[in-house]
1. I'm spelling it out carefully: the read-out is mean projected area of the Cα convex hull in nm², the candidates are (i) 30.3; (ii) 22.3; (iii) 16.4, and one was derived from this structure. Which label?
2. Under DSSP H, which helices of the chain have Cα atoms covering 15 Å or more of the helix axis and a Kyte-Doolittle average no less than -0.5?
3. When the chain is treated as a GNM, springs tying every alpha-carbon pair under 10 Å, which of A311, A168, A79 comes out with the largest mean-square fluctuation?
4. So how compact is segment 57-126: Cα radius of gyration and Dmax in angstrom?
5. Would you mind checking K72/K153; K192/K232; K192/K320; K73/K190 for any pair whose Cα atoms are more than 31 angstrom apart?
6. Put +1 on the Cβ of each Lys and Arg and -1 on the Cβ of each Asp and Glu in segment 1-109; which of I87, S57, M97 then has its Cα farthest toward the positive end of the dipole?
7. Is it possible to state the helix-based mean residue ellipticity at 222 nm for the chain, with each DSSP H run of 4+ residues giving -39500 (n - 2.57), the sum divided by total residues, to the nearest 500 deg cm²/dmol? What is it?
8. Could you calculate the FRET efficiency of C171 with I145 from 1/(1 + (r/R0)^6), where r is the beta carbon distance between them and R0 is 35 Å, rounded to 0.05?
Amino acid sequence: MISRILHQYLHIDTSHPEYRHIAILLTSILVVAFGMVCFLALNIYRMKNPNIIVAHSISLTICCISLYLILKKQQIFTASMLFLLMITGLCSIVMVMIGNQSYALSIALVIPVISIFLLSFKWGVIYSTLYFMAFAWLCTSHLGIWQPATFTKISIMQLTSIYVILFAMACAYEFSRIESQKRLKETNEKLKDLAFTDMLTGLKNRRHLENILLSSTDEQFFAMIDIDDFKKINDLHGHDEGDRVLHRLAQIMNQSLGESSDVVRWGGEEFAILFHGDSQEDFINEIATMQEEIAHYDFGLNRPVTLSIGAGIFYPIKHKASLLAIDNALYQAKDSGKNCLKFSFEQLDQSPFTFHSHSQTHSRSHTP
């Protein structure tokens, strides 16, 4: 309910830096106002004590003014101070009237806690210090006047009320702290996800894949992909159309490879694939199938979109050399013609072999 009220009148949600403070303030005012209404009704219909009726009426009025300042004027500090002065006034009246009887002085324990909650640490400390000076004066000025107090049922009720108030405020603080930590964790997760996600395609980005590679201890099949003549698509059809092609291309690769691989946007018109399986044949077939699907897909450009792919094995102990070899295979694939795959599954110092998807044949070539 508090969240709904704050959102409706102040247009703030749980992510707002002042949400916690305002929520505690608003809750406190509503609880005290409800208590004042109950006590006022009790006094009017049963006890009929004019002084208490006036005190409760004034307190209820101040609660209403504080709510108005918060919800309509958005004067949070003024409302906090006004409400705190009202609470302080009630406690002081009780202590002056009753003195040390029924353990009434224990009410003084409530004010420092409430002041910190309502005014923040700095102003709460100042207010509590001034209040303690007034309380100390009250006690010292009545030394030798106040008589020893007996412990009665009223004393038990007094102490119980104070205990409940302090306990409730401690619970409210802990609950709000847990909620703040939860929101912080959710925000960090969102930021982490944004940091590792390519916003255009929805794929994970290069940073995400490099983290996987750096923490990997097993050899894995890896491929780097470049869109053939992508610059011509941008030049002839515009960058918006180029972005659409990138987004659709990412969807097709994800659908084609499924959960068997991690597909990421490496940068620009380049993508990368980390294959989770341990079968070289499956890797070749899945990459070739994906390439064929893209080559035959109608992107609405009146021309096919094809890929040059360099693939091989990523060796954790030869991190840079592995990526360099696969990158070299990609450049050789681009030099070998459009829609071409270049595989490098041998030792890193040997040449890759070529696979043209349109011919479905392999050819192996070595450099001396």
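None of the figures in this text is laboratory data; all of them are computed from the coordinates on show. Since the structure is predicted, the reported quantities are computational estimates derived from the model, not experimental observations. Please note: Cβ atoms are built from the backbone with ideal geometry, for glycine as well, and neighbour counts cover all protein chains shown.
1. (i)
2. The answer, listed by residue number, is 19-42, 50-71, 76-98, 110-141, 153-195, 280-295, 319-335.
3. Looking only at A311, A168, A79, the largest GNM fluctuation is found for A168.
4. When restricted to the Cα atoms of segment 57-126, Rg and Dmax are 13.4, 42 Å.
5. In this structure, K72/K153; K192/K232; K73/K190 lie more than 31 Å apart at Cα.
6. The Cα lying farthest towards the positive end belongs to S57.
7. The helix contribution divided over the chain gives -21000 deg cm²/dmol.
8. Computed FRET efficiency for C171 and I145: 0.35.
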